[in-house]
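Peer 1: A single structure is presented below for examination.
The values are calculated or read from the model by the stated rules, or taken from the named source; none is laboratory data. Quick caveat, the model's predicted, so the values are computed rather than measured. Cβ placement follows ideal geometry from the backbone for every residue including glycine, while neighbour counts extend to all protein chains displayed. Remember, those area values only see protein heavy atoms, side chains included, never the ligands or the DNA or RNA. Shrake-Rupley method; radii C 1.70, N 1.55, O 1.52, S 1.80 Å.
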Amino acid sequence: MKNRLNPFKYAYVACFIASSLFACIRPNSNTKDANTGANPAESEHSYTDAVPALPAVEFNADSAYAFVKAQVDFGPRIPSTAAHAACANYLQQKLKSYGASVFVQTAPIKTYDGKTHQLKNIIAAIAPEKAKRILISAHWDTRPFSDQDPDHNNHEKTFDGANDGGSGVAVILEMARQIQLKQPEVGVDFILWDIEDYGNPNGDGNGKTSYCLGSQYWAKNMPVKGYKPLYAINLDMVGGENAQFTMEEYSRQFAPQVVDKVWGIAEQLGYNRFFLPVNSSAIMDDHYWMNKAGIPTIDIIHFSDAGFYSNWHTQFDNLAHIDKNALNAVGRVVMTAIYNEK
Ligand code: AHN
Ligand code: ZN
């Protein structure tokens with residue numbers, strides 16, 4: 001039985017070899033339209049028809065950069081500080097000025113060090129009457145210390161958080177500004193997470209639950225019962241120099257179609273130097289808790305299996321290391337996803 005010839009198999013192999021040879025000796029055979037035999041440029045339905053055109057969107061990278069600077073100018077946005085309180089007011093006022101309905105979710109929250117802080121998750125809805133919605137989020141607080149700094153003497157010091165905190169919020173503010181000028185078909189919600197980055201520097205086990213306290217609280221206390229956007233995108237460290245975003249594991253597990261959509265758009269727009277079609281391992285970030293709340297959510301984060309953004313949690317996370325081109329790429333990719341939804 002084992003050695004009996006399979007005539008179909010041999011016929012198949014012979015056919016395959018013949019067609020391969022034929023293709024080789026026939027010049028340009030694979031550049032012709034499969035149906036008409038015409039060159040793509042001459043045919044009515046060329047190959048490019050297979051990729052639907054994307055909507056053109058507006059996004060001003062200089063404006064986004066100015067929003068990073070505005071946050072940095074408050075000083076580090078560390079929970080229970082005056083800079084944190086002042087920046088919260090600024091963010092609410094900005095979102096309101098762009099026509100959003102703004103709600104601030106507050107609660108006393110205990111961090112790993114035993115301190116209690118007043119949480120402020122800033123929630124903004126654009127066109128709240130629309131049923132189909134997309135949620136875009138980012139954390140707005142900054143870590144209280146630069147415990148990843150190469151100099152150990154800096155491990156207790158505060159830092160600017162231009163990228164870690166500032167960049168995602170800046171992209172959101174610029175998106176809100178643009179959306180007021182031209183409405184997409186879907187409704188858009190923004191959530192600016194608080195107390196994301198107050199995690200235990202000495203680690204807290206596999207769960208890493210000392211991070212993302214704002215999104216954890218929200219997931220357990222959803223202000224709108226049954227809230228169900230089509231999907232969500234969390235932005236974390238999206239404006240650093242040499243920005244590279246990989247397809248993170250929780251994003252691929254919980255929201256594979258959103259990963260495909262966003263990385264597909266990035267490729268079509270020519271931003272594949274930022275959005276690498278490369279997988280990476282799981283990161284405990286706000287998107288994890290959003291997924292736990294039942295919303296398919298991806299994380300656009302400057303991370304790969306080689307590590308985070310090089311200046312992550314160091315003194316160097318400041319304006320000098322912000323790249324407008326990264327802000328621009330992320331803003332345009334996310335805006336295109338939003339305006340492409342019907
Ligand atoms: C942890 O380090 C456990 N998660 C990364 C989340 C984070 C911190 N994003 C920005 N800063
Ligand atoms: Zn951080």
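Peer 1: Less than 14 Å Cβ to Cβ from Gly99, Lys/Arg counted +1 and Asp/Glu -1: what total charge do the surrounding residues give? Before the final figure, lay out each step's value.
Peer 2: On the way: positive: Lys94, Lys96, Lys130, Arg177, Lys182; negative: Glu129, Asp189.
Once positives and negatives cancel, what remains is +3.
Peer 1: Treat region 53-201 as a sphere of radius equal to its Kirkwood radius over Cα pairs and apply Stokes-Einstein at 10 °C in a medium of 1.306 mPa s; give the translational diffusion coefficient in µm²/s, rounded to a whole number. Please report the intermediate quantities before stating the final value.
Peer 2: On the way: Rh = 16.2 Å.
After rounding, the answer is 98 µm²/s.
Peer 1: Related question: So, in Å, what gap is there between the alpha-carbon centers of region 98-175 and region 190-210?
Peer 2: Measuring centre to centre over Cα atoms gives 12 Å.
Peer 1: Considering only Leu230, Ala282, Met335, whose Cα is most displaced toward the positive end of the charge dipole of the chain, charges sitting on Cβ of Lys, Arg (+1) and Asp, Glu (-1)?
Peer 2: Selected residue: Leu230.
Peer 1: With θ taken as phi - 60° and the coefficients 6.51, -1.76 and 1.60, list the Karplus ³J(HN,Hα) couplings across region 213-223 in order, rounded to whole Hz; mark glycine and proline as x.
Peer 2: 6, x, 6, 5, 5, 4, 4, 8, 9, 5, x
Peer 1: All other residues with a Cβ under 15 Å from the Cβ of Ala282 taken together, and with Lys, Arg as +1 and Asp, Glu as -1, what is their net charge?
Peer 2: Details: positive: Lys208, Arg252, Lys292; negative: Asp236, Glu248, Glu249, Asp285, Asp286, Asp299, Asp305.
Around Ala282, the charge tally is -4.
Peer 1: Same structure again: Residue separation times 0.36 nm, minus the C-alpha to C-alpha distance between Lys132 and His152: what's the value? List each step's numbers first, then the result.
Peer 2: Values: separation 20, 0.36 × 20 = 7.20 nm, distance 4.89 nm.
Separation in residues times 0.36 nm, less the Cα-Cα distance, equals 2.3 nm.
Peer 1: Keeping to pairs on different chains or 8 or more places apart, tell me how many lysine pairs in region 176-267 have Cα atoms under 28 Å apart.
Peer 2: 8
Peer 1: Related question: Ordered by packing density, taken as the mean number of other Cβ atoms within 10 Å over each peptide's residues, highest first, how do 145-152, 163-170, 115-122, 283-290 rank?
Peer 2: On the way: 145-152: 16.0, 163-170: 30.6, 115-122: 18.9, 283-290: 24.9.
With the highest mean Cβ count within 10 Å placed first, the list reads 163-170, 283-290, 115-122, 145-152.
Peer 1: What is the percent of Cα-Cα separations in region 67-135 that go past 14 Å? The partial results should precede the final answer.
Peer 2: On the way: 1546 of 2346 pairs.
Considering region 67-135, 66 percent of its Cα-Cα pairs are separated by more than 14 Å.
Peer 1: Now a separate question. With r as the distance between the Cβ atoms of Lys342 and Asn202 and R0 = 56 Å, compute the FRET efficiency 1/(1 + (r/R0)^6) and round to 0.05.
Peer 2: Numbers: r = 49 Å, r/R0 = 0.87.
It comes out at approximately 0.70.
Peer 1: While we're here: With a bin width of 10 angstrom, please list the P(r) values of region 173-228 as percents of all Cα-Cα pairs, from the 0 bin to the one holding the largest distance.
Peer 2: In whole percents, the pair-distance histogram is 18, 33, 30, 15, 4.
Peer 1: Run the dipole for the chain about the Cα centre, Lys and Arg Cβ at +1, Asp and Glu Cβ at -1, nothing else charged, and hand back the magnitude in debye, nearest 20.
Peer 2: For the chain, the charge dipole is close to 1200 debye.
Peer 1: May I ask you to list the residues of region 180-196 whose amide nitrogen lies under 20 Å from a point 7 Å from Cα along the Cα→beta-carbon direction of Val224?
Peer 2: Hits in region 180-196 for Val224 at 20 Å: 180-194.
Peer 1: Once all Cα-Cα distances of region 127-264 are split into 5 Å bins that start at 0, what whole-number percent is in each one?
Peer 2: Values per bin, smallest distances first: 2, 8, 14, 19, 22, 17, 9, 5, 3, 1, 0.
Peer 1: Pull up all non-local amide H partners of Phe303: gap of 5 or more, or a different chain, and H-to-H distance under 5 Å with H placed in the peptide plane.
Peer 2: Correct list: Gln244, Thr246.
Peer 1: To continue, here is another question. May I ask what percent, to the nearest 5, of DSSP beta bridges between residues of the chain are antiparallel? The partial results should precede the final answer.
Peer 2: On the way: 18 of 39 bridges.
DSSP beta bridges in the chain are roughly 45 percent antiparallel.
Peer 1: Sticking with this structure for a sec: Roughly how large, in nm² to one decimal, is the mean projection of the convex hull of the alpha-carbon atoms in region 99-150?
Peer 2: Values: hull surface 23.2 nm².
One quarter of the hull surface, i.e. the mean projection, equals 5.8 nm².
Peer 1: Here is a further query. With a 10 Å cut-off between alpha carbons and a GNM built on the chain, which of Ala85, Ala61, Ala124 moves the most?
Peer 2: Evaluated over the chain, the most mobile residue of the options is Ala85.
Peer 1: Sticking with the crude label model, points 7 Å out along Cα→Cβ, report the distance from Thr209 to Asp73 in nm, one decimal please.
Peer 2: Taking the simple label geometry, Thr209 and Asp73 are separated by 4.1 nm.
Peer 1: Next up: Which whole-Hz couplings ³J(HN,Hα) result when phi for each residue of region 108-117 is put into the Karplus expression 6.51 cos²θ - 1.76 cosθ + 1.60, θ = phi - 60°, listed in order with x for Gly and Pro?
Peer 2: x, 10, 8, 8, 4, 8, x, 7, 10, 10
Peer 1: Compute the signed sum of charges (Lys and Arg +1, Asp and Glu -1) over the other residues within less than 11 Å, Cβ to Cβ, of Pro144. It would help to have the intermediate numbers written out before the result.
Peer 2: On the way: positive: Arg77, Lys115, Arg143, Lys157; negative: Asp113, Asp141, Asp147, Glu156, Asp197.
Within the 11 Å Cβ shell, the charges total -1.
Peer 1: Over region 102-202, average the accessible area per residue using a 1.4 Å probe and give it in Å², no decimals.
Peer 2: Values: 3660 Å² over 101 residues.
Result: 36 Å² of accessible area for each residue.
Peer 1: So, one more: Give the Debye-formula value of log10 I(q)/I(0) at each listed q (0.12, 0.18, 0.25 Å⁻¹), with one equal scatterer per alpha carbon of region 210-315, two decimals each.
Peer 2: -0.41, -0.88, -1.39
Peer 1: Under a point-charge model restricted to the Cβ atoms of Lys and Arg (+1) and Asp and Glu (-1), what is the dipole moment magnitude of region 97-240 relative to its Cα centre, in debye to the nearest 20? Could you put the intermediate results ahead of the total?
Peer 2: On the way: 14 positive and 17 negative charges, 176 e Å.
Value, rounded to 20: 840 debye.
Peer 1: Still on this structure, please answer the following. Out of Tyr227, Tyr271, Tyr98, any idea which swings most in a Gaussian network model of the chain, alpha carbons joined below 10 Å?
Peer 2: Residue with maximal mean-square fluctuation among Tyr227, Tyr271, Tyr98: Tyr227.
Peer 1: What ³J(HN,Hα) values, in whole Hz, does the Karplus curve 6.51 cos²θ - 1.76 cosθ + 1.60 give for region 277-292 when θ = phi - 60°, with x put for Gly and Pro?
Peer 2: x, 10, 7, 9, 7, 5, 10, 7, 9, 3, 4, 4, 6, 5, 5, 4
Peer 1: Across the chain, what fraction of all alpha-carbon pairs, as a whole percent, falls in each successive 10 Å bin from zero upward?
Peer 2: 5, 24, 31, 18, 8, 7, 6, 1, 0
Peer 1: Could you order peptides 272-279, 249-256, 186-193 by the average number of other Cβ atoms within 10 Å of their residues, highest first? Please list the in-between numbers first.
Peer 2: Details: 272-279: 15.5, 249-256: 18.4, 186-193: 25.1.
Going by the mean number of other Cβ atoms within 10 Å, highest first, we get 186-193, 249-256, 272-279.
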